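What follows is a short report on a single structure.
The values are calculated or read from the model by the stated rules, or taken from the named source; none is laboratory data. Being a predicted model, the structure only gives us computed values, none of them experimental. Glycine gets a Cβ as well: all are built from the backbone with ideal geometry, and neighbour counts include every protein chain shown. Accessible surface is based on the protein model in full, side chains and every heavy atom, while ligands, DNA and RNA are left aside. Shrake-Rupley method; radii C 1.70, N 1.55, O 1.52, S 1.80 Å.
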Amino acid sequence: MSGAASPTLEVRNLRTHFFTRAGVVKAVDDVSFTVPRGKVLGLVGESGSGKSVTGFSIIGLVDPPGRVVSGEILFQGRDLTRLSEEEMRDLRGNRIAMIFQDPMMTLNPVLRIDTQMIETVLAHARVSREEARQRARDALGMVGIPSPEERLHAYPHQFSGGMRQRVAIAIALLHRPDLIIADEPTTALDVTIQGQILAEVQKLSATTGTALIWITHDLSVVAGLADEIAVMYAGRIVERGPVAEVLDRPLHPYTVGLIGSVPSRNRRGEPLRQIPGMTPSLLNLPPGCAFRARCPRADEACRAEPPMRELLPGREARCFRPHLEAAAETAA
Amino acid sequence: MSAAALDTARPAATAAPPMVELRGVSRRFEKRLDLAGKLARRLGLPVREEVVHAVDGVDLAIRRGEVVGLVGESGCGKSTLGRMVAGILPPSAGTILRDGRDITTLPPAEARAVKLRTQMIFQDPYASLNPRMKVADIVGEAPLVHGIVTRAEFDAYVDEQLRRAGLDPAFKRRYPHQFSGGQRQRIGIARALAVKPDFLVCDEAVAALDVSIQAQILNLFMRLRRELDLTYLFISHDLGVVEHLSDRVVIMYLGRVLEEAPAEEVFRRPNHPYTRSLLAAVPRIEARKRAFSAVQGEIPSPLHPPPGCHFHPRCPHATERCRVERPRLREIAPGHRSACHLNDALA
C-alpha cells in the first residue's frame, strides 16, 4: 500500500461539457482516476474520446463554450475546480505543467529561447535574472539538448521538431512540477526521437517524483511507459487498471478490440481483428452503453447505462458483459 | 506468411522481369539563389545554391504480386521515391523500368496506359480529395475520361467501386467533408482502383487514422490484394504496420537504401546498425514497463549529409572507413542486402 500519503492527483466524477448551438457535447462525462506521486498514468483513447479535454480540464484551460460542470479535481488535496483564476495561474506552469503535441503551442516563435525560459522562471520564483538563466540552462541540459548555453540564444525555428519538443519539455520542468500532463507529445516525432524523449521523461519521473499523465492513442507507447492505464471511449473511462493486467487480460470489449487492432499483436499477414463501425457522435449518444452498437457481446442489458465496477481486484470496467471468462482462462 | 502471394510471385520472379525496377535512381532538389543571394555572392560572400539529394542512387525491384514495405524516418526520401515510382515525379538520374521497359522511352499512348496502371494512395484523406466534388465524380471522373466506362454505365460502375472499398453507394452524392477520416481514405482507395491499376503506391496511407480505423483499412488493403492481384509499395514510418503487411522490407536513411530483406528476416535478423536501432526504438505493445533506450543524436540535415556512410555519426560501431567510404548495398544472405562496412570485416 502507498500508505497515508494522498495521491498527487485525484479526479472524481469530472464532467466537462461543451454548450454548442447544435447541442450539449459531453466531451468528458463522469471520469474518475488517481495518479500517485512518481507514477505514470496512460490515458488512452481515439480521436474525440475526451482524453485531451480531460487534460485541459485539470489544468483549467477549457475554453467556452466548454466548461467543467461538475466533479472534483483534487491536486494534493486542493480542489482545482474551486480555485480562482489567479490561484490557478499560480499553480499552472509552476506545480502543474502541460506538454502539447505541437511544441509551438508552448513556444513563442518571435522570442529567443532564453527570453521565454527566463520569463517562465521569473513568473513563479523570486530569483535574479542570472539565476533564472542558470535554471533555464540546466533544464535544457536535463532534456538532452547539446551545448545548452549556445542554444539559449536560438529562436524556435532554428530547432528541429524533436529539439523543439525537448525545449517545451524543459520549460515544463523549470519549476520541477508535481504533475505533468503530456498530451500526445511524441506523436509527431520519428521513432528514434520518440525513444530519446521517452527515455528522458521516464528518468525524470523516477528521479523527481513527478506524477505524469501521458495522453495518447498509441497503446504501444503506454505499454512501456505507464504504471496504470485508463481507456476512454465517448467521454468516459471504460476500463482502468495496472498496465500489464489491462493489456494482457482486457475486460472491456472496446479494450479487447483496441488491442486486437494493433498490428504487432496479430500474426503477420492475417486479418487484423477490427472493431466494426466508428466512434459515435458525442452530440447524440444512444442511451445505455456508448459502445453497444459496435460491441460483439452487447445484448438487452446494455441498453442501460453500465456503471464503473470493480470486476477483479484493482481492475475496473464499465461493462455488463466483460471478458471475465478470458481473464479466468489466462489466469489459470 | 500468405502462401497465395508467393504462388503469384514465384513464376513472375523466374520468368518475367520485375514489375517495377529502379536502377540508380536519384532525385535532387535545388534551391536557386534569389536576387539578394546572387548579389551577396557577387560581393564575395560564401553563398551557394543548395542541393538536396532526396534520393541518392537507389536500386530496387518489385515483383508482381509482392507487397514491399518502404520504411524510414522523416526526410529519408521515402515519399520522393514513392512519387517517382508512381510516375508523378521524374527522377534526376537513373532509370525506372515497368515490366522491363524504360518508362521514359515509351510511346505516349503506352506511357499513359502504364501511368494509369500505377495509382497512388495518399496520407491525408482531407487534402487528397477535391472538397468541391461529389464522391461519385471523384471516383468516376478518371474512368470516364480514360474511356474505361461509358456515361450509361457510369452509375453502376461507381456503385461497384464504392462497395468494393466498403462504402455505401447511397452516399455517393455527398461531398468529402461529410465523411470521417477512415471513410475518406476508402474514397481515395475507390478512386485509385476505379482505373483498374495493378500496382498501388501507398504513402503513409494509414498514418492519419485512429487505431481501430487503421485496422479496418489495412484489412481492406489485404482483401483487395487477394481479390484484384495487386502489387503494393507500402510506404510507412510505422514498423508494426509494415511488418504485418509486407513480404519484403526496404529501409531508407537520408536518401539511400541501407537494408533490404524479406520481412521476417528484417525483423528477426536485422543487419544494419541503423535498422537495429530503429527496431529497438519502436514501442511494442508486448513491452512492459521498461527502460527506453535511445539512438544517439538526430538525423542530419539532408542538405549537408555526412560523408561516407550517412549513419556513421550516430553509429556505435563506426570506424575510420565509415567516415570516408560509402558502403555498397550487397547481399549478405539470400535475398538479404545491407550497406554496411562491418559485414566486410566479418567476411
In Å and from the alpha-carbon atoms only, list the Rg and Dmax of region B:192-347.
-> 17.6, 53
Normalised per residue, the volume of the convex hull around the Cα set of region A:112-174 (Å³) | 66
Along region A:40-54, what does the Karplus equation 6.51 cos²θ - 1.76 cosθ + 1.60 (θ = phi - 60°) give for ³J(HN,Hα), rounded to whole Hz, x for Gly and Pro?
-> 10, 9, x, 9, 10, x, 8, 4, x, 7, x, 5, 5, 4, 4
Centroid-to-centroid separation of region A:204-246 and region B:320-340 [C-alpha atoms, Å] = 41
Ranked from the most accessible area to the least, with a 1.4 Å probe and all protein chains present, what is the order of A:248, B:34, A:178?
-> B:34, A:248, A:178
Under Karplus coefficients 6.51, -1.76 and 1.60, residue-wise ³J(HN,Hα) of region A:82-99 in Hz, glycine/proline x | 9, 7, 6, 4, 5, 5, 5, 5, 5, 7, 5, x, 10, 8, 10, 10, 10, 10
Ignoring ligands and nucleic acids, residue A:106 exposes an accessible area, probe 1.4 Å, in Å² to the nearest 10, of 50
Between region B:132-158 and region A:40-92, what is the C-alpha centre distance in whole Å?
-> 50
Rounded to whole Hz, the Karplus (6.51, -1.76, 1.60) HN-Hα couplings of region A:276-288, x for glycine and proline | x, x, 9, 4, x, 5, 6, 6, 10, 5, x, x, x
Per-residue ellipticity at 222 nm for chain A, helices alone: DSSP H runs ≥ 4 residues times -39500 (n - 2.57), over residue total, nearest 500 deg cm²/dmol?
-> -9500 deg cm²/dmol
Those aspartates and glutamates that a straight Cα-Cα span of less than 12 Å connects to residue B:78, excepting residues fewer than 8 apart in one chain = B:56, B:203, B:204
Among A:43, B:178, A:98, flag the residue with its Cα farthest along the positive direction of the charge dipole of the protein assembly as shown, charges on Cβ as +1 for Lys/Arg and -1 for Asp/Glu.
-> B:178
Using the charge dipole of region B:3-346 (Lys, Arg: +1 at Cβ; Asp, Glu: -1 at Cβ; taken about the Cα centre), state which of B:299, B:68, B:147 has its Cα farthest towards the positive end.
-> B:299
Enter the accessible area of residue A:72 (Å², nearest 10), with the probe set to 1.4 Å and all protein chains included.
-> 60
22 Å Cα-Cα reach of residue A:26 towards lysines, excluding residues that sit fewer than 8 places from it in its own chain | A:51
To the nearest 20 debye, what is the magnitude of the charge dipole of region A:154-311 about its Cα centre, counting +1 on the Cβ of each Lys and Arg and -1 on the Cβ of each Asp and Glu?
-> 300
Considering only protein heavy atoms, what is the solvent-accessible area of residue B:222 at a probe of 1.4 Å, reported in Å² to the nearest 10?
-> 20
Based on a Kirkwood Rh over C-alpha pairs, give the Stokes-Einstein translational diffusion coefficient of the protein assembly as shown at 25 °C and viscosity 0.890 mPa s in µm²/s.
-> 90
Mind scanning B:134/B:172; B:115/B:172; B:134/B:196 and naming the pairs with a C-alpha gap bigger than 18 Å?
-> B:115/B:172; B:134/B:196
Sites residue A:305 and residue B:276 - FRET efficiency at Förster radius 45 Å, r taken between beta-carbons, to 0.05 | 0.35
Based on Cβ point charges of +1 for Lys and Arg and -1 for Asp and Glu, what charge dipole magnitude is obtained for the protein assembly as shown about its Cα centre, in debye rounded to the nearest 20?
-> 800
Residue B:250's amide H: which non-local residues (gap 5+, or another chain) put their own amide H closer than 5 Å, with H modeled 1.01 Å from N in plane and none for Pro or chain starts?
-> B:69, B:70, B:71
Sort A:26, A:203 from largest to smallest accessible area, using a 1.4 Å probe on the heavy atoms of the protein chains.
-> A:203, A:26
Which shape class applies to region B:233-286: rounded if a/c is under 1.5, otherwise prolate when a/b exceeds b/c and oblate if not, where a ≥ b ≥ c are the square roots of the Cα gyration tensor eigenvalues?
-> rounded
Where does the Debye-calculated log10 I(q)/I(0) of region B:3-346 sit at q = 0.10, 0.12, 0.14 Å⁻¹, using only Cα point scatterers of equal weight, no solvent?
-> -0.68, -0.94, -1.21
Amide H neighbours of residue B:61 under 5 Å, at least 5 residues apart or on other chains, H built in the peptide plane: list them.
-> B:22
With runs of 4+ DSSP H residues as the only contributors, calculate the mean residue ellipticity of chain B at 222 nm using -39,500 (n - 2.57) per run, divided by the residue total and rounded to the nearest 500.
-> -10000 deg cm²/dmol
How do A:82, A:176 rank by accessible surface area computed with a 1.4 Å probe, from largest to smallest?
-> A:82, A:176
Non-local residues with an amide H under 5 Å from the amide H of residue B:120, with H modelled 1.01 Å from N and Pro and chain starts lacking one, are B:201
Distance from the Cα centre of region B:205-245 to that of region B:44-106, in angstrom?
-> 22
